Amino acid sequence: MSKIREAFADGKAFIPFITCGDPDLKTTAAVVRACVENGADLIELGVPFSDPTAEGPVIQGANLRALTGGVTTDRIFDLVRDLRRDVTVPMVFMTYANVVFSYGAERFISTCRQIGIDGLILPDLPYEEKDEFLPLCRQYGVDLISLIAPTSQNRIAMIAKEAEGFIYVVSSLGVTGTRSEIKTDLASIVEVIRENTDVPCAIGFGISTPEQARKMASVADGAIVGSAIIKILEKYGADAAPYVGEYVKSMKDAVRG
């Protein structure tokens with residue numbers, strides 16, 4: 001069984017997203033540990049990229065702050081090595097194909113395996129082009145996480161059948177960011193996924209309140225939150241960890257609902 005499945009083994013999962021190095025790697029480490037202490041089931045670590053096409057202004061800002069602060073892929077690998085001394089929940093990287101290509105795909109993915117990264121999310125990697133990375137991911141035991149969006153339509157079943165780890169269901173059209181309401185008919189998307197796989201699915205993009213998290217978890221197997229956490233980091237900087245922890249606890253309580 002994929003280690004990622006463990007995140008969904010005890011009911012609905014809450015998955016926070018954190019951009020590595022925003023505002024610095026020491027804060028990232030403290031925030032990850034605060035998330036885990038407050039009930040996070042899986043951690044999504046963003047590897048910053050200069051042109052993060054799936055991200056709205058909040059996470060774009062986090063990418064810019066991290067890169068300006070001198071974060072590199074190697075320093076992020078060292079961060080994960082440190083976290084793995086005591087963090088046992090599954091962790092996945094979310095980044096862009098160019099980051100993996102420029103580092104060297106085999107070198108990047110084999111290092112993921114070595115340091116304890118369980119999966120890889122590449123939002124700019126079309127389903128039809130996943131063979132660029134899938135053989136290497138399978139070789140090194142790193143799940144390549146599939147995304148399913150409202151525009152996937154007649155491709156949902158096809159993507160679901162080949163999914164591994166978990167399926168990232170994109171709640172809304174457009175980029176990441178908090179939304180006052182989510183109008184997509186997610187239940188029908190999840191229904192098609194369930195007909196084609198037993199791989200768990202979690203909904204992300206636009207979720208920021210406990211009410212939204214509860215609603216998304218009632219439809220799927222978990223909820224993913226990024227921008228709302230990045231806003232806390234932007235506000236409190238190096239002192240953000242306890243505030244993020246408090247927020248994660250409220251969201252985990254909601255998805256348990």
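The values are calculated or read from the model by the stated rules, or taken from the named source; none is laboratory data. It should be emphasised that the depicted structure is a prediction, and the values quoted were computed from it without experimental measurement. We place every Cβ from the backbone using ideal geometry, glycine too, and count neighbours over all the protein chains shown.
Overview of results
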read-out: Residues located in the stretch 6-29, provided they are more than 20 Å from residue 64 (Cα to Cα) and crowded, with 18+ Cβ neighbours inside 10 Å; value: 7, 8, 12, 13, 14, 15
read-out: Some residue of the stretch 198-211 being modelled with pLDDT of 95 or more, of a type in the set (Asp, Glu) and within 14 Å of residue 11 (Cβ to Cβ); value: no
read-out: Criterion violated by residue 201 - all others in (1) more than 15 Å from residue 168 (Cα to Cα); (2) in contact with a helix residue (DSSP H, G or I) (Cβ under 8 Å, 6 or more places away or on another chain); (3) not hydroxyl-bearing (Ser, Thr, Tyr) satisfied; value: (1)
read-out: Where residue 243 falls short, out of the listed (1) aromatic (Phe, Trp, Tyr); (2) over 25 Å from residue 144 (Cβ atoms); (3) in contact with a strand residue (DSSP E or B) (Cβ under 6 Å, 6 or more places away or on another chain); value: (3)
read-out: Any hit, the stretch 83-98, residues being surrounded by 23 or more Cβ atoms within 10 Å (Cβ to Cβ), more than 16 Å from residue 118 (Cα to Cα) and β-branched (Val, Ile, Thr); value: no
read-out: Sole residue being part of a loop (DSSP other than H, G, I, E, B) and within 23 Å of residue 30 (Cα to Cα), chosen from 88, 111, 151; value: 88
read-out: Residue within the stretch 96-107 that is on the phi > 0 side of the Ramachandran plot and touching a strand residue (DSSP E or B) at 6+ places or on another chain (Cβ under 9 Å) present; value: no
read-out: Candidate set: the stretch 141-181, residues that are of a type in the set (Ser, Thr, Tyr) and in contact with an Asp or Glu (Cβ under 8 Å, 6 or more places away or on another chain); chosen: the one modelled with the highest pLDDT; value: 146
read-out: Residue ranges of helices (runs of 4 or more DSSP H) in the stretch 185-257 with at least 2 members on the phi < 0 side of the Ramachandran plot and aromatic (Phe, Trp, Tyr); value: 241-256
read-out: Scope the stretch 1-54; condition part of a loop (DSSP other than H, G, I, E, B), of a type in the set (Gly, Ala, Ser), at pLDDT 95 or above and farther than 21 Å from residue 103 by Cα; matching residues; value: 39, 40
read-out: Scope the stretch 131-164; condition free of Cβ contacts under 8 Å to residues at least 24 places away in the same chain and among the hydroxyl-bearing types (Ser, Thr, Tyr); matching residues; value: 146, 151
read-out: Residue tally, condition part of a helix (DSSP H, G or I) and either at pLDDT 95 or above or out of contact with any helix residue (DSSP H, G or I) (no Cβ under 9 Å at 6 or more places or on another chain) (or both), over the stretch 114-127; value: 2
read-out: Residue check, residue 70 touching a strand residue (DSSP E or B) at 6+ places or on another chain (Cβ under 9 Å), of a type outside the set (Lys, Arg), surrounded by fewer than 24 Cβ atoms within 10 Å (Cβ to Cβ) and assigned to a loop (DSSP other than H, G, I, E, B); value: no
read-out: Where residue 132 falls short, out of the listed (1) under 30 Å from residue 185 (Cα atoms); (2) of a type outside the set (S, T, N, Q); (3) more than 20 Å from the chain's Cα centre (by Cα); value: (1)
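Conditions tested, residue by residue: (1) among the charged types (D, E, K, R); (2) touching a residue at least 40 places away in the same chain (Cβ under 8 Å).
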position: 195; (1), (2): yes, no
position: 200; (1), (2): no, yes
position: 203; (1), (2): no, no
position: 238; (1), (2): no, yes
position: 257; (1), (2): no, yes
